[in-house]
Amino acid sequence: MIKAIYPGSFDPITNGHLDIIYRASKIFDKIIVVIAENTKKKSLFSTDEKMDMILNVINKGLHNIEVQSFRGLLIDCVRTNKANIILRGMRAISDFEYETQFALINKKMAPEIETVFMVTSTKFSYLNSSIVKEIASLNGCIRELVPPYVEKKLKNKYGFS
Ligand code: PNS
């Protein structure tokens, strides 16, 4: 069985993340979406809130997707799950430097683990959670950027419900 770990801050999950998850679920036997901590970013949502949103928006008809949260080194999470692939979305050339560094440091620490990049669909290539939060915080329209459940949670967070 080929298991892939799809880690991220998911603060919050966007349609771009979902695009990667659904496409990857057709390639790998199992996708484990892991809510991990990025020490460089301060989260808007708690881990429980992120988990709630992901569980609510993921297509329940797909039985090879699991969601977990994890604190610590990602490679430890990959090993605990007996997986050997880290899946990351690559949007544009601007992602390349950060993603390559991330993949290489993980490879240095855990040579048995491979990082696989999936290029984001063109329609989501401009999208990330930070942009969604900025628009939502200014009461802009985020309808096509996140699922309706996440849109509602963002509006509540910023007091626009
Ligand atoms: O969505 P993001 O913020 O780009 O995801 C980054 C994340 C959370 C996957 C990354 O920061 C991570 O793996 N954090 C766990 C700690 C770790 O293993 N860091 C990489 C080695 S320094």
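Kirkwood's formula applied to the C-alpha pairs of segment 115-161 gives a hydrodynamic radius of 11.6 angstrom. Compared with the dominant Cα axis of the chain, that is its longest principal axis, helix 93-109 is turned about 40°. For the chain, modelled as a GNM whose springs connect Cα atoms under 10 angstrom apart, the maximal fluctuation among E134, E114, E49 occurs at E134. The aspartates and glutamates whose alpha-carbon is closer than 13 Å to the alpha-carbon of K41, local same-chain residues fewer than 8 away aside, are D11. This model, with +1 at the C-beta of Lys and Arg and -1 at the C-beta of Asp and Glu, gives segment 21-161 a dipole about its Cα centre of some 200 debye. The ranking of L145, L73 from fewest to most other beta carbons within 10 Å of each one's beta carbon is L73, L145.
Residue separation of E112 and C141 scaled by 0.36 nm, minus their Cα-Cα distance, works out to 6.1 nm of gained length. Is the shape of segment 3-122 best called rounded, prolate or oblate, per the rule: a/c under 1.5 gives rounded, else a/b larger than b/c gives prolate, else oblate, with a ≥ b ≥ c the square roots of the Cα gyration tensor eigenvalues? Rounded, since a/c falls under 1.5. Can you classify segment 27-71 as rounded, prolate or oblate using the Cα gyration tensor, where a ≥ b ≥ c are the square roots of its eigenvalues, rounded means a/c under 1.5, and otherwise it's prolate if a/b beats b/c and oblate if not? Here segment 27-71 falls in the oblate category.
Bridging of K42 to lysines at a Cα separation below 18 Å is possible for K50, K133, K153, K157, once same-chain residues fewer than 8 apart are set aside. Loop-located trypsin sites (Lys or Arg not before Pro) across segment 41-124 with a Cβ neighbour count of 16 or fewer within 10 Å are K41, K42, K60, R71, K82, with loop assigned by DSSP.
Read-outs: derived from the displayed coordinates by stated rules, not from any lab. Remember, it's a predicted structure, so these values are computed and weren't measured experimentally. Reconstructed Cβ throughout: ideal geometry from the backbone, glycine too, with neighbour counts over all protein chains shown.
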